[in-house]
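Have a look at the structure below before the remarks.
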Amino acid sequence: MALASVDPNKGIGKELERRVSSCQLCTFVDKPFLLHRVYSWLPRRVKVLAIGESPPPGEKVGSLYCLEVFDRLRLSLKLVLGVEGEREVLETLRRSSTFLTAAVKCRPPDRKSIESMRRNCLPLLKGELEDLRPHRVVAMGRYASASLCELLGLDPPRDQREIAKIEVDGREIFFTPHPNYLFRFGRGLAGEMRKILLGRRA
């Protein structure tokens, strides 16, 4: 009898979800990471951890992992990844052992709240880095870069409109523009961004 396949990240996902659920440091609209079971999309082995910014603020219902409702980040990632379907974005990332998290896990009431919520979310992001142990980390946008730099003791990139790479303790660290910026202003970087997100040589 063949042994059942065991997903090593299943228990980790439940623990990460528990941490998001128990956090009450901020005033928030909702918790998309719980509502849409974000950690159920964890690959068996996370090789690339990509960090976005936050769920869309305010009384919106969309988010990257809510496939029933339009999401601008998912639209931008379709361009970056070269796929067409909504679900195909998430499936392509998971097949490539990439997991996309956010610097802010809960939905902010407004854009002004993102910075303070980002700081409060630092322990959650630190836990993801420690538990998932990715070979490559991609900080997409200003808030993601700020959080990663604070956790790793790095200086923030000078120009968030370009792609920068460094190595820290044998781990590849990329700072990139946010995919929504690429969609509007930087489509020439989409091919390079695709390689970075999918764990290819960059």
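By other beta-carbon atoms within 10 Å, ranking T176, T27, T98 with the fewest at the front produces T27, T98, T176.
Using the Kirkwood formula on the Cα atoms of region 105-173, what hydrodynamic radius do you get, in angstrom to one decimal?
Working: mean 1/r = 0.0770 Å⁻¹.
The Cα-based Kirkwood calculation yields 13.0 Å.
Measuring nothing but how far apart in sequence close Cα pairs (under 8 Å, 6+ apart) lie, relative to its length, the chain scores a relative contact order of 25 percent. Here region 161-202 is described by how far its Cα atoms reach on the three principal axes: 34, 18, 12 Å, from widest to narrowest.
Multiplying each eigenvalue of the alpha-carbon gyration tensor of region 20-95 by 5 and taking the square root yields semi-axes of 22, 16, 10 Å, largest first, rounded to whole angstroms. Under conditions of 37 °C and 0.692 mPa s, region 26-197 yields 205 µm² s⁻¹ as its translational diffusion coefficient, taking Rh as the Kirkwood radius over Cα pairs in the Stokes-Einstein equation. Note on the chain: antiparallel DSSP beta bridges, both residues inside, total approximately 25 percent of the bridges counted.
Taken together, the values in this text are just the output of simple stated rules run on the coordinates, not laboratory data. Being a predicted model, the structure only gives us computed values, none of them experimental. Positions of Cβ are generated from backbone atoms using ideal geometry, with glycine treated the same way; all protein chains shown enter the neighbour counts.
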